[in-house]
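Shown next, in structure tokens, is the structure this report addresses.
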Amino acid sequence: MDPRQLLLPLPGGGPAPGTGRGIARADRVFVNRDLKLSGIDWVGFDMDYTLAIYRQEEMDSLSVELMIDRMIKRGYPAYLKKLRYDTRFPIRGLLVDKRFGHILKMDRYKVVHRGYHGMRRLSREEITELYHHKRIRPHTSRYHWIDTLFALSEVTSYAAVVDELERRGEKVDFDKLFNDVRASIDEAHADGAVYRAITSDLPRFIDRDPELARALHKLRSAGKRLFVLTNSPFSYTDTMMTHLLGGALPEYPSWRHYFEIVICAAQKPRWFQEGRPLMERDGEVLRNVSRSFERGKVYEGGNLAEFERMVGITGSNVLYVGDHIYGDILRSKKESSWQTAMIIQEMDQEISAHEACHDDLSRQRFLEETRDRFEDELRYLQGHYKELTRVAPAPGSNEDAERLRVKRSLERVRAELRAIGSEHDLLAERVSQRFHPYWGSLLKEQSEMSSFGLQVDLYADVYTRRVSCLRAYSPQQYFRSPYDLMPHEL
């Protein structure tokens, strides 16, 4: 977000978090494309990882443990019961190569810069040999995207099982293994084991945001109409939303009073395309809906076209807030004209690491500018030396002395460039470690956006770390994107 976008408080809106003179960087809304909240009539929310922020390491540990039991039932060795794994390992935006059992991170141009086999980091030579000589086709059956927080446990599990099986000398079919890991985790969700574990100990798994209710109230008080559109079943949604909002504000007897419409079991991304018939839930009974939504009732299924027809809206005055690039953000962008806001809970770590690396990043920029100057000098000296050596000069002549002087200058410049390159590489690795011990920044890869960062840039009009960050802004806020510089304008 442009630093000039500061809070313009409304009466009764409360002070901005942080210094009181502006919005703390971690609590800002960051802007890819202009968004006028004054033109938004409806604000929709996904639930999981949007309204409900999960404690990721706890969620991944739960998924891995449930996966192990189901893998053993599928015939995998019982010693997996003692599987060692690191829930810090994965991030979003990774690509699993099921042919070789590798996990990869790419930049915006689909160039692989780092990868792991199990928990072993691939060498630069291995990456070059496998991925730099042919174009990667990430949407083919050989590869699998990891683009949701729910899917991180698939990477944690896969890397750990690959390591354990190979350590014990097992022959591994990497494709089958990954499919079995995914199927085991999906089975734990489908049979309700994950839901039961979470709802039995919500404080362990959920980071309850005390400002969420006030953020929703502020939007409603400004005349915005709110709705929930989630893939979770109603029983789970009701338990989760009661935990998040129940009793938070006296003006709202229950969580459902914050929202005009509640749609569960939506089956996104299908919902944004053909969907299925909209049903009204009455206890355990589902009924067809033919006319309009009624406040206080709960619905399931439906689709985008039916929703817009029944509500009587055009897409441009809807803002949808979600966490999932494909299911929430990409599809709503491709199939509708809804505005989009993405919740990226990892922004806490991204911003903290970026601020901690300020001196190293400044030094990197200085080295890059210095390198450019030396490369200009190198080109000049190479051209001059070539001119001087076209005709062999007489020993001891002025031309011979000049040739020797230029040769020494070339050696000096090359040495300076080697030193700059070495220092730059060391700084780059140190910066990367501050962001994430395995993968570096979520949104960047070397000097480019990462593949995940590109998706955020393309499909999210704005992004922030929590829904409650919206409370720091006026409901009429004009979010302006920063001026987008091209290389020749720098």
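Where residues in segment 239-256 are under 20 Å from VAL321 (Cα atoms) and free of Cβ contacts under 8 Å to residues at least 24 places away in the same chain, which of them is surrounded by the most Cβ atoms within 10 Å (Cβ to Cβ)? Among them, the one singled out is TRP255.
Of the strands (runs of 3 or more DSSP E) lying entirely inside segment 47-143, those containing at least 3 residues that are touching a Lys or Arg at 6+ places or on another chain (Cβ under 8 Å) are 94-97, 112-117. A search for C-beta distances below 7 Å between a residue of segment 166-183 that is basic (Lys, Arg) and any residue that is surrounded by 15 or more Cβ atoms within 10 Å (Cβ to Cβ) and at pLDDT 95 or above, counting only pairs 6+ apart in sequence or on different chains, returns ARG182/GLU154. The condition of being outside the structural domain of ARG124 (by TED's automatic domain parsing) and under 24 Å from LEU361 (Cα atoms) holds for only one of VAL431, VAL406, VAL391, that being VAL431.
From the list PHE100, PHE150, the lone residue that is surrounded by 18 or more Cβ atoms within 10 Å (Cβ to Cβ) and of a type in the set (Phe, Trp, Tyr) is PHE150.
Here ARG430 fulfils each of the conditions (1) in contact with a strand residue (DSSP E or B) (Cβ under 7 Å, 6 or more places away or on another chain); (2) in a helix (DSSP H, G or I) apart from (1).
The values are calculated or read from the model by the stated rules, or taken from the named source; none is laboratory data. All figures in this text were calculated on a predicted structure; none of them were measured in a lab. Reconstructed Cβ throughout: ideal geometry from the backbone, glycine too, with neighbour counts over all protein chains shown.
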